[in-house]
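Throughout, read-outs are computed from the coordinates displayed, never taken from laboratory work. Not measured: the values here are computed from a predicted model. Every residue, glycine as well, gets a Cβ built from its backbone with ideal geometry; the counts of neighbours run over all protein chains shown.
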Amino acid sequence: MVKLMGAVLVAAGCGWLGFQGAEGLRRRVRALRDMAGGLLLLERELELGAPPLPGLMDGLSARACGPAKALFEGCRAGLERLSEEPFALLWRRLTQEQSSLGEEGRGALLPLGEVLGRYDSQAQLESVSAARRQLEELAARCEAEGRRQGRVYQALGLCSGVFLVILLL
Amino acid sequence: MEPRSKAYQQAAGALPARLRREALSLSASDQGRVEELRLRAGWPMTARLPEGEVPLDSPPVRPEELDQLVEIASRASVHAVLDQVRQGYLTVEGGHRIGLCGTAALRDGEIHTLRRLSSANLRIARQVMGVSAPVLDGLCPGGVLTDTLILSPPGLGKTTLLRDIIRRVSEGEGCRPRRVALADERGEVAALYHGIPQLEVGRRTDVVEGCPKAQGLMLLLRAMGPQVLAADEITAPEDVAALRTAAGCGVTLLATAHGADRTDLERRPVYRALLEERLFRKLVRIRPEGPGRAYTIEELS
């Protein structure tokens, strides 16, 4: 009985790992989509005019979700301490904290720290738009990859569980 | 804390951390006397005191610190204050003004922005409350402000006097309260910051800032129904034309002009028109007298 329970637990554990791997890919796609959504909101605001960054970040952090919300909230707070940490460094630090976006996703965001608030609205709009498109493409690529690899992860997890059970029995 | 030191410390808040620490290392009495802090790339920061400009004991200002000054002053939103930057200045909370110098980036022959900043000066805004007390009675026969032109060479306090007259007329201090409309082209009188005047101009004062005086005066006349229309530094024929229109609407005029005396005014065509058309009834002249200022009121009509 104990052996059987152990075998079930090992198989379930390996299966869970496989499903987690697949879920990780889905989470990354969601994070990239949320971030792209946040940048789209930013674009809309910039299209309406040239609001100062603190007010802009305030409004965006209330409307955005996921990593975009965390990024905008961090910016809002950091804008009160500009004499200690310039905006470009603040943006870099906050972007690097967004682990859910993956390296490529963070790479798409990084250049915005040198542009936001520094140039006229049109130039900012173009950069934000470019970063958003990059994130959307990345999300689409990750989604396709996730569909393919997700099934592989799940199958691998289940198979390795069964394999372990056979070995241990 | 003494209000003069408080204004200085508020202004120093716009500086990057290192420069702020150095600015605040001045003694409290010197902080109260500093008129400007000057930052020039490659040179130590200096403080302009009444007796002259003195260098602070500090390492030279780095170009990136000038960029950071603009970032802090604009709250990382240069795009929102680009109109001011094009004119070479930025107003920060408290009405303090940062003058900027650097390489101009041109677009269609006009200054689009300033890049690679080379120097900046942080002028500390300090309001002198009650400075108009010696002249107000003379300008308000029967308790109502009359059309007044304030005249003095630069640096003698025209804007300070104008601001205090506006405040008192708007509050009804020593005269009947009036609705005042102020065309503050360079934001030196009221120093709006997020829509709130940083220097007191009274509760019945409406301010338009950042647009050419003549257009600002006409906008105020149309939109705000003022009883007194005020403007700093009348310099162009368009300004005079706007004042002429306002005078025709029965609005009391209050303005300043550069010049030493009435003869100086009569010599220059723009101001001659003001005198010939009798747009102003009183002329206030300011001249230095010892450590302070002396005011003279002349009848113009």
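Pick from B:A11, B:A223, B:A191: which residue has the top mean-square fluctuation in a GNM of chain B where Cα pairs under 10 Å get a spring?
Of B:A11, B:A223, B:A191, the most mobile in the Gaussian network model is B:A223.
How far apart, in nanometres, would the label points at B:L275 and B:V54 be if each is projected 7 angstrom from Cα along the Cα-to-Cβ direction?
4.3 nm
Quick one: angle between helix A:2-48 and the longest Cα principal axis of chain A, in degrees between 0 and 90, rounded to 10, please.
Its long axis makes an angle of about 10 degrees.
Once you charge only the Cβ atoms, +1 for Lys and Arg and -1 for Asp and Glu, what is the size of the charge dipole of segment B:195-295 about its Cα centre, to the nearest 20 debye?
Taking the Cα centre of segment B:195-295 as origin, the dipole is about 300 debye.
Given labels modelled 7 Å from the Cα in the Cβ direction, how far is it in nm from B:R4 to A:E145?
6.6 nm
Can you give me the angle between helix A:67-78 and the longest principal axis of chain A, using Cα atoms only, in degrees from 0 to 90, rounded to the nearest 10?
40 degrees
Zone of A:A77 (label point 7 Å along Cα→Cβ, backbone N under 17 Å): which residues in segment A:92-112?
Inside the label zone: A:92-99.
How large is the Rg to Rh ratio of segment B:3-123 when both quantities use alpha carbon positions and Rh follows Kirkwood?
Rg/Rh for segment B:3-123 comes to 0.97.
Using Cα pairs under 8 angstrom and six or more residues apart, how large is the relative contact order of segment A:2-168, in percent?
Computed over segment A:2-168, the figure is 43 percent.
Name the long-range amide H neighbours of B:L15: under 5 Å, sequence gap of 5 or more, or other chain; modelled H, no Pro or chain starts.
When sequence neighbours closer than 5 places are left aside, there are no close amide H contacts.
7 Å from Cα along Cα→Cβ at both B:S29 and A:L4: what's the point-to-point distance in nm?
For B:S29 paired with A:L4, the spin-label model returns 9.5 nm.
Within segment B:1-85, report the GluC sites (Glu not before Pro) that DSSP leaves as loop and that have at most 15 other Cβ atoms within 10 Å.
In loop regions of segment B:1-85 (DSSP not H, G, I, E or B), the sparsely surrounded GluC sites (Glu not before Pro) are B:E35, B:E51.
How many angstrom lie between the Cα centre of segment B:89-105 and the Cα centre of segment B:28-67?
What the calculation gives is 15 Å, centre to centre.
Along its principal axes, what span do the Cα atoms of segment A:2-168 show, with the longest given first and each in whole Å?
67, 31, 23
With a 10 Å cut-off between alpha carbons and a GNM built on chain B, which of B:D137, B:D108, B:D184 moves the most?
Among B:D137, B:D108, B:D184, the largest GNM mean-square fluctuation belongs to B:D108.
Using the alpha-carbon centroid of each, what span in Å lies between segment B:250-269 and segment B:153-181?
If you average the Cα positions of each part, the centres end up 17 Å apart.
Report, in whole Å, the centroid distance computed from the Cα atoms of segment A:150-166 and segment A:59-126.
40 Å
Quick one: helix B:237-248 against the long Cα principal axis of chain B, what's the angle to the nearest 10°, folded into 0 to 90?
40 degrees
Per the Kirkwood treatment, what hydrodynamic radius in Å, one decimal, follows for chain B from the mean inverse distance over all distinct Cα pairs?
Its Kirkwood hydrodynamic radius stands at 20.3 Å.
Rounded to the nearest 500 deg cm²/dmol, what is the calculated helix-only ellipticity per residue at 222 nm for the protein assembly as shown, with -39500 (n - 2.57) per DSSP H run of length n ≥ 4?
When only DSSP H runs of four or more count, the value is -16000 deg cm²/dmol.
Output needed: Cys residues of chain B lacking any neighbouring Cys C-beta below 4.7 Å, sorted by number.
When partners are defined as cysteine Cβ atoms under 4.7 Å apart, chain B leaves B:C101, B:C211, B:C249 without one.
How large is the dipole of chain B about the Cα centre if only Lys and Arg carry +1 and Asp and Glu carry -1, each at its Cβ, rounded to the nearest 20 debye?
Dipole about the Cα centre, nearest 20: 240 debye.
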